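Inspection log for the structure reproduced underneath, given as structure tokens.
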């Protein structure tokens with residue numbers, strides 16, 4: 001009751017079906033090439049147009065190569081999917097940032113950085129990491145393709161109202177600990193299904209102190225504990241970030257917007273269905289050791305012993321460690337790493353590249369480690385160059401690739417080979433996620449930088 | 001769409017927890033632009049080895065187990081929002097998935113493709129796994145009208161929840177878009193009072 005989530009949700013209700021879902025109005029629909037073709041086809045089959053084409057923004061990101069984007073895509077199946085989005089965008093007259101366009105990139109990076117994702121909005125996309133946009137103070141969540149079709153056709157969606165949860169991180173983070181570590185810590189405590197059925201609001205001193213990039217990382221990972229979405233009340237940090245972005249309101253509209261956005265916070269009397277409190281000062285740099293994002297631990301900790309795992313979950317736990325080639329009870333520090341991936345909608349923003357570049361400045365990449373540095377968008381790429389970070393990276397032996405989802409889910413050529421270990425700043429360590437047989441260790445940008453310099457899993461604070 | 005009232009079927013047991021959508025349908029099979037053919041790649045990397053040969057001990061390759069009901073460990077369908085996972089489950093021929101817990105987006109996607117997700121208690125689920133171990137030919141009966149699932153080996157029943165609207169959609173074979181399209185006037189009315197910048 002009277003939570004930030006309730007305020008935004010309630011102001012978007014069109015109707016409520018008796019003993020059924022709510023018909024919710026959607027301010028912004030984002031579409032990428034993987035989860036939209038069948039939705040556009042559905043419109044064609046029903047003889048429908050897109051209802052509000054100015055509120056629909058499309059861009060390919062999953063399939064696009066991170067080298068030679070100026071050339072046609074080599075994989076014919078990937079090319080067909082991207083071409084299909086090109087055609088659908090043109091046929092239906094929606095807003096479109098094609099491959100190579102200066103505003104192209106990963107949708108969840110592009111939306112906020114262009115001022116397309118704003119406080120108070122309802123935002124959906126056929127992609128579970130749509131929760132990222134909640135960092136702006138919006139209700140943003142991932143949907144399926146049938147639901148994409150609903151929004152294209154009516155700018156509305158049917159949804160049951162989720163329960164609300166507030167997660168507070170009180171206290172201050174230690175030096176060298178990031179928003180990614182907060183998220184991996186939280187998921188390790190709550191498990192991958194721990195927030196299923198809930199919409200989460202993040203609050204507390206450590207959340208307030210995060211930059212917008214950090215807030216996006218935290219909200220991005222909400223889905224990894226099952227949450228419908230995650231959000232943070234807009235404040236001066238948010239307004240400062242949004243101001244002057246291309247699609248943000250300007251002039252008098254800006255003043256009115258700020259006035260409204262300042263009302264977007266949970267009341268002092270707000271009641272959440274569940275409240276969780278974490279002490280931010282206890283969080284260490286995190287790594288995962290298993291095959292779901294809940295299997296995480298402080299970088300200097302040991303993998304849990306088998307007898308500490310609930311009996312019914314032991315088979316799944318053993319299966320997971322077998323896949324990873326790890327033993328229960330052992331430490332990960334010192335283990336060799338084959339690949340490092342910096343990028344994705346989780347950690348592909350300018351702050352991640354700053355952290356990585358400053359860490360490797362004046363040092364050299366380890367021999368034998370393949371490192372993929374993939375900016376989240378062309379705007380991030382431009383900023384990297386404007387700040388001279390590209391020169392620092394080149395001197396340390398690294399090269400930048402072109403923007404896209406890349407190795408996060410390996411739908412393009414950036415696949416980690418079977419059996420190889422990758423320290424990845426992305427969001428999922430599922431079996432085969434980064435290539436069939438690939439073994440993923442999720443971590444933040446600094447742990448990735450330390451692995452890139454040493455070829456090992458190592459606490460970045462010790463270098 | 002076909003109407004769903006009751007179903008009695010043998011089952012395919014998959015007693016693994018946290019089965020994520022990357023296991024249900026790996027990302028490299030998401031490049032199609034139609035909804036067809038995903039059933040062939042359901043659980044692809046558990047079902048086939050790198051050369052494409054069936055992995056003998058995976059349940060879908062075991063002729064002992066067949067049926068229109070998939071019974072899976074808790075937190076089925078976590079991860080990505082890809083509806084391809086629901087298309088793969090439906091395309092393979094499953095009409096019901098039973099588990100003690102489902103991820104939200106998968107649950108919605110399943111229902112939008114007329115695959116019924118049935119949530120049961122951990123104890124009831126564990127009993128189904130025991131029953132099928134003892135008798136692979138055991139059956140479950142799903143009665144949507146009365147919202148019950150029955151383990152025909154033990155004779156025990158369990159009720160399950162579904163909202164009245166979705167139940168009607170299954171019973172009558174209707175989808176959400178038809179309903180939303182009939183509300184266009186309400187949407188335009190809403191847009192007039194909407195706060196937007």
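FYI, it's all coordinate maths here, none of it is from the lab. Here the structure is a predicted model, which is why all the values come from computation and not from measurement. Note: ideal-geometry Cβ built from the backbone for every residue, glycine included; neighbour counts use all protein chains shown.
Per the Cauchy relation, a quarter of the hull surface: what is the mean projected area of the convex hull of the alpha carbons in segment A:1-149, in nm²?
Working: hull surface 39.5 nm².
About 9.9 nm², averaged over all directions.
Taking the Cβ of each residue in B:130, A:344, A:308, B:99 as the centre, tally the other Cβ atoms inside 10 Å and list the residues starting with the fewest. Walk me through the numbers before you get to the answer.
Working: B:130 14, A:344 28, A:308 9, B:99 25.
The order, fewest Cβ neighbours first, is A:308, B:130, B:99, A:344.
For A:201, B:172, what's the fewest-to-most ordering of other Cβ within 10 Å of each Cβ? Present the calculation step by step, with values, prior to reporting the outcome.
Values: A:201 25, B:172 10.
The order, fewest Cβ neighbours first, is B:172, A:201.
As a test of the formula, what do you get for chain B when each DSSP H run with n ≥ 4 contributes -39,500 (n - 2.57) and the sum is divided by the residue count, at 222 nm and rounded to the nearest 500 deg cm²/dmol? The partial results should precede the final answer.
Values: 8 runs with 64 residues, N = 197.
One gets -8500 deg cm²/dmol as the mean residue ellipticity at 222 nm.
What's the average, rounded to a whole number, of partner chain beta-carbon atoms within 10 Å of each residue's beta-carbon in B:85-94? Let's see the in-between values first.
Values: counts 1, 3, 4, 0, 0, 0, 0, 0, 0, 0.
If you average over the peptide's residues, the count of other-chain Cβ atoms is 1.
Quick one: if you stick a label point 7 Å off each Cα along the C-beta vector at residue A:91 and residue A:399, how many nm between them?
For residue A:91 paired with residue A:399, the spin-label model returns 3.8 nm.
Between residue A:302 and residue B:50, with labels modelled 7 Å along Cα→Cβ, what's the label distance in nm to one decimal, could you check?
About 3.3 nm separates the two model spin labels.
Provide B:38, B:58 in ascending order of the number of other Cβ atoms located within 10 Å of each residue's Cβ, fewest first.
Details: B:38 25, B:58 14.
Ordered by Cβ neighbours within 10 Å, fewest first: B:58, B:38.
Assign one of three labels to the protein assembly as shown, namely rounded, prolate or oblate, based on the Cα gyration tensor with a ≥ b ≥ c the square roots of its eigenvalues; rounded applies when a/c is under 1.5, prolate when it is not and a/b is larger than b/c, and oblate otherwise. Mind dumping the intermediate values first?
Details: a/c = 1.45, a/b = 1.12, b/c = 1.29.
It comes out rounded by the Cα gyration axes.
Report the antiparallel proportion of the DSSP beta bridges in segment A:237-394 as a percent, rounded to a multiple of 5.
Working: 4 of 8 bridges.
Given both bridge residues lie in segment A:237-394, the antiparallel proportion sits at roughly 50 percent.
Rounded to the nearest 10 degrees, what's the angle between the helix B:122-134 long axis and the longest principal axis of chain B, both from Cα atoms, 0 to 90?
40 degrees
As an exercise, find the ratio Rg/Rh for segment A:68-165 from alpha-carbon atoms, using the Kirkwood inverse-distance average for Rh. Walk me through the numbers on the way to the answer.
Working: Rg = 15.2 Å, Rh = 15.2 Å.
With Rh from the inverse mean 1/r over Cα pairs, Rg/Rh is 1.00.
For residue A:245, put the label point 7 Å out on the Cα→Cβ axis and report which residues of segment A:383-421 keep their amide N under 20 Å from it.
A:383-387, A:403-405
Give the separation of the Cα centroids, segment B:39-68 to segment A:25-95, in Å.
Comparing the Cα centres of segment B:39-68 and segment A:25-95, I get a distance of 32 Å.
In percent, how large is the relative contact order of chain A, given Cα pairs closer than 8 Å and 6 or more residues apart? Intermediate values should be presented prior to the final figure.
On the way: 1117 pairs, mean separation 78.8, N = 463.
Over chain A, the number comes to 17 percent.
Over segment A:153-223, what is the mean sequence separation of C-alpha contacts under 8 Å (at least six apart), divided by residue count, expressed as relative contact order in percent?
Working: 59 pairs, mean separation 34.1, N = 71.
It comes to 48 percent, rounded to a whole number.
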